[in-house]
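The values are calculated or read from the model by the stated rules, or taken from the named source; none is laboratory data. None of these values were measured; they are calculated from a predicted model. With ideal geometry, Cβ positions are generated from the backbone for all residues, glycine too; neighbour counts draw on all protein chains shown.
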């Protein structure tokens with residue numbers, strides 16, 4: 001087994017032993033799902049709103065909540081704790097690839113996100129939400145959101161490595177909120193104001209949201225939309241990995 | 001005589017806001033294989049920085065170092081395979097149990113699952129933590145954490161063991177337990193490089209000590225030789241302790257004595 005998998009297994013155990021860290025990850029996105037849906041569901045009704053493609057407004061909002069949940073990864077805060085407590089140096093003194101210390105945690109974030117995304121979709125089912133693209137679409141949705149969780153946690157871990165501070169790392173996570181809301185969060189992009197549409201078009205999270213939404217609302221795969229979503233994840237992943245390798249190798 | 005640790009003109013320079021600072025200013029070390037070496041010095045003297053360079057946790061600014069015969073800068077991975085490290089503030093994962101932590105450490109040193117399980121049980125017996133092995137490390141006492149940290153540094157039977165202030169903050173009984181472990185480890189052939197602020201500890205355990213102050217080694221030799229040298233210089237018939245040697249070497253004065261822990265101030 002590789003060092004990354006061994007350390008990833010440890011991080012999964014760590015998550016299971018800190019269920020309190022998972023509560024906000026599930027509760028806050030579900031809270032937004034319920035509140036946002038409740039506020040506008042009378043305006044956007046399934047039979048009169050074309051962009052809902054026959055589903056309730058909760059289906060349109062679900063991808064926002066999934067992306068929000070993916071941004072609640074706790075790995076960076078655990079990493080800071082390990083740096084402060086000295087265990088990080090213990091691992092650095094072992095004959096392993098130093099990158100595996102960080103990538104093990106990302107591996108665990110991916111697994112955790114797969115489980116949480118599946119759970120949130122299951123919770124949404126009784127409220128009339130369906131993944132219109134079927135089982136295959138559901139699987140692609142899980143992968144897309146889990147990859148984003150890995151990318152996002154990776155950037156958070158970078159902040160942790162650079163700052164070695166829990167406060168700075170937590171503040172870094174807040175940067176995601178504007179990005180999540182400068183998107184076609186409530187309506188499709190072509191129905192936003194012109195200024196908002198331009199801003200959303202420059203926001204990479206828009207393409208992730210549109211890809212995830214197409215899987216929930218469209219019965220057939222929208223390859224162009226999905227392609228853009230996965231390209232965003234791939235590019236962000238490449239940047240994150242390059243910066244992480246540099247940061248961990250320069251770490252003293 | 002083979003050397004377990006050898007440093008030549010070792011320098012560590014930091015770039016800070018106020019300019020460059022030399023934390024270690026060109027030290028030489030020659031530590032024979034199989035010995036217990038004590039590295040003493042006041043806070044901020046450069047002890048931990050030196051240990052971090054020798055254990056590959058920090059780059060060397062200038063000079064060179066060989067540990068277990070391997071150049072630290074040229075082949076840090078090979079050095080890591082031959083050393084064990086227990087740093088200040090027992091570095092342990094609080095959410096794992098003692099058994100899980102040791103098994104993980106064994107796996108990181110390339111052992112199979114079965115080998116890791118066997119070695120873990122050996123080490124738990126060695127540090128007498130069998131009864132607490134399935135408790136989360138978070139609930140361990142300070143002494144238990146130190147013993148577990150020590151065990152985790154021994155999983156791969158290292159040639160050189162670095163212990164950075166292994167007994168700081170421990171009660172006298174726990175300290176004695178760690179001393180016994182260090183002696184036992186050394187008897188099995190492991191070279192021990194120990195930093196400490198407790199001079200009695202160095203006197204009890206070490207074959208040779210070096211005193212570092214402001215990044216430079218100011219005394220080096222066996223505790224007995226250093227005390228004899230000071231007695232000769234004094235020439236008043238008094239019998240100096242290692243504390244006296246330390247104070248003489250660092251130009252500090254006695255400030256206060258609390259229990260068996262002596263603190264010194266500039």
Inset, instruction - Select from segment B:116-127 the residues that are in contact with a helix residue (DSSP H, G or I) (Cβ under 7 Å, 6 or more places away or on another chain) and either without any contact (Cβ under 8 Å) to a residue 12 or more places away in the chain or closer than 23 Å to residue B:177 by Cβ (or both) and list them in ascending order. - result: B:119, B:120, B:123, B:124, B:126, B:127
Inset, instruction - Scan segment B:52-72 residue by residue and report those that are out of contact with any helix residue (DSSP H, G or I) (no Cβ under 9 Å at 6 or more places or on another chain) and either modelled with pLDDT under 95 or closer than 21 Å to residue B:109 by Cα (or both). - result: B:53
Inset, instruction - Say whether the condition of being surrounded by fewer than 24 Cβ atoms within 10 Å (Cβ to Cβ), in a helix (DSSP H, G or I) and in contact with a strand residue (DSSP E or B) (Cβ under 9 Å, 6 or more places away or on another chain) is met by at least one residue in segment A:100-119. - result: no
Legend entry - In segment A:1-28, residue modelled with the highest pLDDT [restricted to those that are more than 10 Å from chain B (Cβ to nearest Cβ) and loosely packed, with under 14 Cβ neighbours inside 10 Å]: A:27
Legend entry - Condition check for residue B:169: away from every other protein chain (no Cβ under 12 Å), closer than 28 Å to residue A:18 by Cα and out of contact with any strand residue (DSSP E or B) (no Cβ under 6 Å at 6 or more places or on another chain): no
Legend entry - Leading residue by the ranking (surrounded by the most Cβ atoms within 10 Å (Cβ to Cβ)) among those in segment B:87-111 that are over 17 Å from residue A:82 (Cβ atoms) and at the interface with chain A (Cβ under 7 Å from one of its Cβ atoms): B:107
Inset, instruction - Go through (1) in contact (Cβ under 8 Å) with a residue 40 or more places away in the chain; (2) assigned to a helix (DSSP H, G or I); (3) within 14 Å of another protein chain (Cβ to nearest Cβ); (4) buried (at least 16 other Cβ atoms within 10 Å of the Cβ) and name the single condition residue A:82 misses. - result: (1)
Inset, instruction - Please indicate, with yes or no, whether at least one residue in segment A:47-65 is at pLDDT below 90 and buried (at least 23 other Cβ atoms within 10 Å of the Cβ). - result: no
Inset, instruction - Select from segment B:216-242 the residues that are buried (at least 18 other Cβ atoms within 10 Å of the Cβ) and within 21 Å of residue B:168 (Cα to Cα) and write down the one among them that is modelled with the highest pLDDT. - result: B:223
Inset, instruction - Hand me the list of helices (runs of 4 or more DSSP H) wholly inside segment A:170-252 holding 1 or more residues that are closer than 30 Å to residue B:57 by Cα. - result: A:223-250
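Conditions tested, residue by residue: (1) more than 14 Å from every other protein chain (Cβ to nearest Cβ); (2) outside any helix (DSSP H, G or I).
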residue	(1), (2)
B:4	yes, yes
B:9	yes, yes
B:23	no, yes
B:51	no, no
B:81	no, no
Inset, instruction - Look at residue B:33 and say whether it is touching a strand residue (DSSP E or B) at 6+ places or on another chain (Cβ under 6 Å), surrounded by fewer than 17 Cβ atoms within 10 Å (Cβ to Cβ) and in contact (Cβ under 8 Å) with a residue 60 or more places away in the chain. - result: yes
